[in-house]
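Participant: Sending over a structure as C-alpha cells; questions will come in a sec.
The values are calculated or read from the model by the stated rules, or taken from the named source; none is laboratory data. Since this is a predicted model, take the numbers as computed values, not measurements. Glycine also receives a Cβ, built like all others from the backbone with ideal geometry; neighbour counts cover every protein chain displayed. Only protein heavy atoms, including side chains, enter the accessible area calculation; ligands, DNA and RNA are left aside. Shrake-Rupley method; radii C 1.70, N 1.55, O 1.52, S 1.80 Å.
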Amino acid sequence: MDIGAKLKSMRTVQGLTQEELAGRAELTKGFISQLERNNTSPSIATLTDILMCLGSDLQQFFSEEEDKQVVFKKKDYFVKEDQELKNSVEWVVPNATKNIMEPIRMTLKAGGSSLEDQPHEGEEFGYVMKGTVTIHLGKEQHVARKGDSFYFQSSVVHYIENTGSSEAVVLWISSPPSF
C-alpha cells in the first residue's frame, strides 16, 4: 500500500490543503508533504491523528470496506482547541468530510470567534444551543441567541463571534464540508 498517495488522495477529495490538514493535526505542512511523497513514515500515533482529521481511522484506512456507522458517540468526536480565537471545534461526525454535509459543535468563550472563512460554494446552517453569537456576513451582522438558528449562502466572507458575556455553543452544519 502506498500510504503517502492514499493520504494525499483522502486530503484532496475533502478539498483540504496540506496546510489545513497540518493545522487540524497540529503538524507542519512540510511533514504532511514529506508523508505524501513517502519521504518519511508516520508513527502509529501520528497516523491515527491524521486519519482522525480526515474522518477515518486505522481500520478504515487499511481496509477496502466503507464505514457505515450511523450513531456517533462522544469518544468518536475529534476536538480541536484554538486558544487565540477562544474556541473549540468538535467534529461530531468524524468522517463527514466525505459526505454532503459536515456538522460540528463549536464552543466559543466570551469574546471568542470562529476563523474567518473566505467565500466558497455552499450553504451554512447553525443552531445556537447556548449563549449569544453574532454572525458576520461580509459587512452585515446578525445576532442569534439560544434557540435561534441561522442559514446563509457561503458567498461572502463569514464568521461567528460570541458577543455575550458567557460561553456560547453552536451546532454548525456546512454543505459541502468546509471546516
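Participant: What lysines sit close enough to LYS29 to cross-link, taking a C-alpha to C-alpha distance under 19 Å and skipping anything fewer than 8 places away on the same chain?
Facilitator: Counting by Cα, and skipping residues close in sequence, LYS29 has these lysines nearby: LYS6, LYS8, LYS80.
Participant: Which shape class applies to the range 77-138: rounded if a/c is under 1.5, otherwise prolate when a/b exceeds b/c and oblate if not, where a ≥ b ≥ c are the square roots of the Cα gyration tensor eigenvalues?
Facilitator: Cα axes put the range 77-138 in the oblate bin.
Participant: Sticking with this structure for a sec: For the chain, what % of the accessible area comes from carbon and sulfur atoms, probe 1.4 Å?
Facilitator: 52 percent
Participant: What is the spin-label model distance, in nm, from VAL13 to VAL156 if the labels are put 7 Å beyond Cα along the C-beta direction?
Facilitator: 3.6 nm
Participant: If you add up the charges near SER113, with Lys and Arg at +1 and Asp and Glu at -1, over every other residue whose beta carbon is less than 12 angstrom from its beta carbon, what do you get?
Facilitator: -3
Participant: If you take the charge dipole of the range 87-179 about its Cα centre, with +1 on Lys and Arg Cβ and -1 on Asp and Glu Cβ, which of PRO119, VAL89, GLN153 is farthest toward its positive end?
Facilitator: Highest projection toward the positive end goes to VAL89.
Participant: What is the extension gain from ASP82 to ASN39, computed as 0.36 nm multiplied by their sequence separation minus the C-alpha to C-alpha distance, in nm to one decimal?
Facilitator: 12.5 nm
Participant: Specify the angular offset, from 0 to 90 degrees and rounded to the nearest 10, of the alpha carbon long axis of helix 44-53 from the longest principal axis of the alpha carbons in the chain.
Facilitator: Between the helix axis and the principal axis of the chain, the angle is about 40 degrees.
Participant: Can you bin the range 125-167 into rounded, prolate or oblate? Criterion: square roots of the alpha carbon gyration tensor eigenvalues sorted a ≥ b ≥ c, rounded for a/c under 1.5, prolate for a/b above b/c, oblate for the rest.
Facilitator: In terms of gyration-tensor shape, oblate.
Participant: Now, a different point. According to the square roots a ≥ b ≥ c of the eigenvalues of the Cα gyration tensor, what is the shape class of the range 10-85, taking rounded for a/c under 1.5, prolate for a/b larger than b/c otherwise, and oblate for the remainder?
Facilitator: Here the range 10-85 falls in the oblate category.
Participant: Next question. I'd like the distance between the alpha-carbon centres of the range 19-50 and the range 78-138, rounded to an integer number of Å.
Facilitator: 23 Å
Participant: Let me ask something additional. Report the equivalent ellipsoid semi-axes for the chain in whole Å, largest first, defined as the square roots of five times the eigenvalues of the gyration tensor built from alpha carbon atoms.
Facilitator: The answer is 31, 16, 15 Å, longest axis first.
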